[in-house]
Amino acid sequence: MSLGTLFLAAPGVVDDRTMTSRVPASDPTREKNRREKVGAKLAELRPVTWYLVHLGRVIDPFLMKVSNGRINSTGTNQVVVLTHTGRKSGLERTTPLVYFTDGDDVILIASKGGAPENPIWYLNITANPEVQLHVGPDGGRYRARTAEGAERDRLWNLAVTLYRGYAGYAERTDREIPVVICSPSPEPGGRA
């Protein structure tokens, strides 16, 4: 069991994973407030990127759960908690990620701060594409897939509009950074 999973299961913390609502819409082209601009600048610094990749992924799910999605360590309100299944262990994992929406779809960027390898969460969702996404009490079940071709290019450009650091991450690595599209899964009873 990961530390993030232990935090999410802390006494007094209600788990609303069966809710049928969706992740709040997030426009990557909207004007950012001052706090978000400062957070984005800081996140481009390698030590801050290291923190977000290695420590923020453990701390933020807990902070977001107990604050109903209002508090995280990234400096932006555009953070979703991805719940996915480990491809080797079969255990539930949680990962906080910056996101934006494209219609009903939630878009995630598998940057890992420009590391040479893809993040573990991306490997997990390619093996097990059924995921959950939550921002505080809002969220639900989604099915993940990797964008390709012109669709990927369009979404990548929106991602760089949201956070220009993604362009810097792409320059740090030889791999093409995956863009992940999470589409709402039908709920029991046929609702999407």
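For region 99-109, state whether one or more residues are open to solvent by less than 20 Å² (accessible area, probe 1.4 Å) and either farther than 23 Å from Lys37 by Cα or of a type in the set (S, T, N, Q) (or both).
Taking region 99-109 first, the residues open to solvent by less than 20 Å² (accessible area, probe 1.4 Å) are 99-100, 106-109.
Now restrict to residues that are either farther than 23 Å from Lys37 by Cα or of a type in the set (S, T, N, Q) (or both): none.
No: zero hits.
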In this structure, does Thr83 turn out to be among the polar types (S, T, N, Q) and open to solvent by 20 Å² or more (accessible area, probe 1.4 Å)?
no
The conditions are (1) under 16 Å from Thr94 (Cα atoms); (2) open to solvent by 10 Å² or more (accessible area, probe 1.4 Å); (3) at pLDDT 95 or above, and Trp156 fails exactly one of them. Which is it?
(1)
Looking at (1) open to solvent by less than 70 Å² (accessible area, probe 1.4 Å); (2) touching a strand residue (DSSP E or B) at 6+ places or on another chain (Cβ under 9 Å); (3) at pLDDT 95 or above, find the lone condition where Gly149 falls short.
(2)
Out of region 159-179, which residues are polar (S, T, N, Q) and open to solvent by 70 Å² or more (accessible area, probe 1.4 Å)?
Thr161
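So that you can scan it fast, the table gives a plain yes or no per residue for (1) among the aliphatic types (A, V, I, L, M); (2) farther than 22 Å from Gly103 by Cβ; (3) not in a loop (DSSP other than H, G, I, E, B):
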residue	(1), (2), (3)
Asn124	no, yes, yes
Val131	yes, no, yes
Trp156	no, no, yes
Val160	yes, no, yes
Ala167	yes, yes, yes
Glu171	no, yes, yes
Arg175	no, yes, no
Ser183	no, no, yes
Pro186	no, no, no
Could you grab the pairs with beta carbons closer than 8 Å, sequence gap of 6+ or different chains, first residue in region 91-113 and within 15 Å of Thr161 (Cα to Cα) and in a strand (DSSP E or B), second one among the charged types (D, E, K, R) and open to solvent by 20 Å² or more (accessible area, probe 1.4 Å)?
Phe100/Asp27; Thr101/Asp27
Which pairs turn up if I take residues in region 22-35 that are more than 19 Å from Gly139 (Cα to Cα) and look for partners that are open to solvent by 50 Å² or more (accessible area, probe 1.4 Å) and modelled with pLDDT of 90 or more with beta carbon separation below 9 Å, at least 6 apart in sequence or on another chain?
Thr29/Thr161
Across region 110-125, the tally of residues that are surrounded by fewer than 23 Cβ atoms within 10 Å (Cβ to Cβ) and either under 19 Å from Gly168 (Cα atoms) or polar (S, T, N, Q) (or both) stands at 10
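The values are calculated or read from the model by the stated rules, or taken from the named source; none is laboratory data. The shown structure was predicted, so the numbers you read here are calculated from the model rather than taken from an experiment. Here the Cβ is made from the backbone with ideal geometry for all residues, glycine too, and neighbour counts use every protein chain on show. Quick note on the areas: whole protein, heavy atoms, side chains included, nothing else; ligands and nucleic acids left out. Shrake-Rupley method; radii C 1.70, N 1.55, O 1.52, S 1.80 Å.
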